[in-house]
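Following: one structure in structure tokens, then a few remarks.
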Amino acid sequence: MGGAVSMVILLILLLNIAGICNGGVTSDYVRKTEASVDMPIDAFPPPSGYNAPEQVHITQGDHSGRSVIISWVTPLEQYPNLVKYWEAKSPIEHKFKAQSRPTIYKYYNYISGYIHHATINGLKYNTKYFYELGSGTGTRRFWFTTPPEVGPDVPYTFGIMGDLGQTYASNTTFEHYVSNQNGQAVLFVGDLSYADHYPFHDNVRWDTWGRFVEKSTAYQPWIWTAGNHELDYAPEIGEKIPFKPYMHRYHVPYRASHSTSPLWYSIKRASTYIIVLSSYSAYGIKLSSDFVIGLKFFPAEDKGPNNNNMLVQGKYTPQYEWLQNELPKVNRAETPWLIVLLHSPWYNSNGYHYMEGESMRVMFEPWFVDHKVDIVLAGHVHSYERSERVSNVQYNITNGLSSPVKNHSAPVYITIGDGGNIEGIANRFIEPQPSYSAYREASFGHAILDIKNRTHAHFTWHRNHDSEPVAADSLWMFNRYWNPQEENN
């Protein structure tokens, strides 16, 4: 009897060891592998009325949530360049006004419409506002609700999407999110229109994408992250300014967080502190010869330390210096939840884009662990994956410790580049599933992050082929600063 009990105990121990050594769950759901096809341009007609404002979108306009940037395009004339706004509970005649400074840009053989960005300040927290754009037959009216005042136990719900594009699958993802009706703002992890998929980076596809998502972007703020498909760097057609269409069309409040670029910035919203980083801008050490350690893309003629014997000396890049100064500013007594958005994932067990984020991870992961970042959201890989709380910061040249290990101070890494874009699904997962991977599935979908208080948040991922209330993956998350317990996967 005693021997049998001992064998059972030994078997349980061996199973536990296997559970620690192996990865988590690879979903057995199989998505059809048909190609994602872009919807035709005429699926996105401009609104009716002369010079009617279109492609309307809003985002937070300051650091704490009392300001909104309202952006739109007028196709024929730059005026009127006003936004009129008022509290929903006030008489309609009590309108305020804010003015835009219209701009246009040219890209190869394309000339944009008049692009407007107007910032309205001094708004009340947790208040519904109406706003009005255009005039005459082109007048259009929308609304938004400001966030609650920043505080440690303020509940708030975010939608999460990435790599959306404008295919029929994209439309399913987008409508799936809109019908969910729980999200109050969207955390978007990059790759918007996929205009660069077309010859000469057809910028008409930037216009159609803006019309496509307007039914959400005009009513709730989307927090923008730039991905590789926003680069639009095409020297072969004379376009040598990276991020040109994106930076003209999508403004963010980067100066409010003392950033020098709209590609990296931070905001506070409800009980969260959100940091946005750029995977495709320099983020490391700039050497005297202009080679950059920690940069995703280089001109073909550039050479690195291994083939021209440069010494690793130089100064830190602006993104590096900004993040180094930014992380210590986070007051977890005010904003307990620390969330980072970037595009290229650091922990990815898919064969697509495998380890492309490695140099940025090596540069910044120790800071994320030291500052107890709760969640890192990424896109780029066109499938869904959620990690364990792991880190790979213990390595030095002599100890040989170069594998991720569980770390209660580390973030959960979520890859959600599964919006449905024209490049299709990424379905080449590495086998066996690595120990850092908790759940992965080659499907399209969106996620919801429902923050309850300073200690708890509920995360759900919704597969496109499920009805809205059904979560294919979910996790109760415990805040790393206030409640650093291990979560149950």
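Using alpha carbon centroids, what distance separates segment 39-91 and segment 92-106, in Å?
Measuring centre to centre over Cα atoms gives 9 Å.
Leaving ligands, DNA and RNA out of it, rank E77, E326 by accessible area with a 1.4 Å probe, largest first.
From most accessible down to least: E77, E326.
So if each residue of separation counts as 0.36 nm, and I subtract the Cα-Cα distance between E236 and A333, what length gain in nm does that give?
Residue separation times 0.36 nm, minus the Cα-Cα distance, leaves 29.8 nm.
To test your reading of the geometry: what angle, between 0 and 90 degrees and rounded to tens, separates the Cα axis of helix 358-370 from the longest principal axis of the chain?
80
Give me the percent relative contact order of segment 153-278, please, defined on Cα pairs under 8 angstrom at least 6 residues apart.
Working: 185 pairs, mean separation 27.3, N = 126.
Over segment 153-278, the number comes to 22 percent.
For D196, D418, give the ranking by accessible area with the largest first, probe 1.4 Å.
Values: D196 40, D418 0 Å².
Solvent-accessible surface, decreasing: D196, D418.
Taking 0.36 nm per residue of separation and subtracting the Cα-Cα distance, what length does fully extending Y50 through E87 add?
10.6 nm
Counting each DSSP H run of 4 or more residues in the chain as -39500 (n - 2.57), what helix-only mean residue ellipticity at 222 nm follows after dividing by all residues, to the nearest 500 deg cm²/dmol?
Mean residue ellipticity, 222 nm, calculated: -4500 deg cm²/dmol.
Can you give me the solvent accessible area of K452 with a 1.4 Å probe, rounded to the nearest 10 Å²?
90
Leaving ligands, DNA and RNA out of it, work out the accessible area of M247 with a 1.4 Å probe and give it in Å² to the nearest 10.
Looks like 70 Å² after rounding.
Students sometimes get this wrong: rank F243, F200 by accessible area, probe 1.4 Å, all chains present, largest first.
Heavy-atom accessible area, descending, gives F200, F243.
How much of the accessible area of the chain, probe 1.4 Å, is carbon plus sulfur, in whole percent?
Reported share for carbon and sulfur atoms: 54 percent.
Per residue, how much accessible area does the chain have with a 1.4 Å probe, in Å²? Before the final figure, lay out each step's value.
On the way: 20950 Å² over 489 residues.
So the chain comes to 43 Å² accessible per residue, rounded to a whole number.
Where in segment 437-456 does the amide nitrogen come within less than 16 Å of the point 7 Å from the Cα of Q485, taken along Cα to Cβ?
Within reach of a label on Q485, which here means backbone N under 16 Å from a point 7 Å along Cα→Cβ, segment 437-456 contributes 452-456.
The values are calculated or read from the model by the stated rules, or taken from the named source; none is laboratory data. Because the structure is a prediction, the values reported are computed rather than measured. Cβ coordinates were reconstructed from backbone atoms using ideal geometry, including for glycine residues, and neighbour counts include every protein chain displayed. Only protein heavy atoms, including side chains, enter the accessible area calculation; ligands, DNA and RNA are left aside. Shrake-Rupley method; radii C 1.70, N 1.55, O 1.52, S 1.80 Å.
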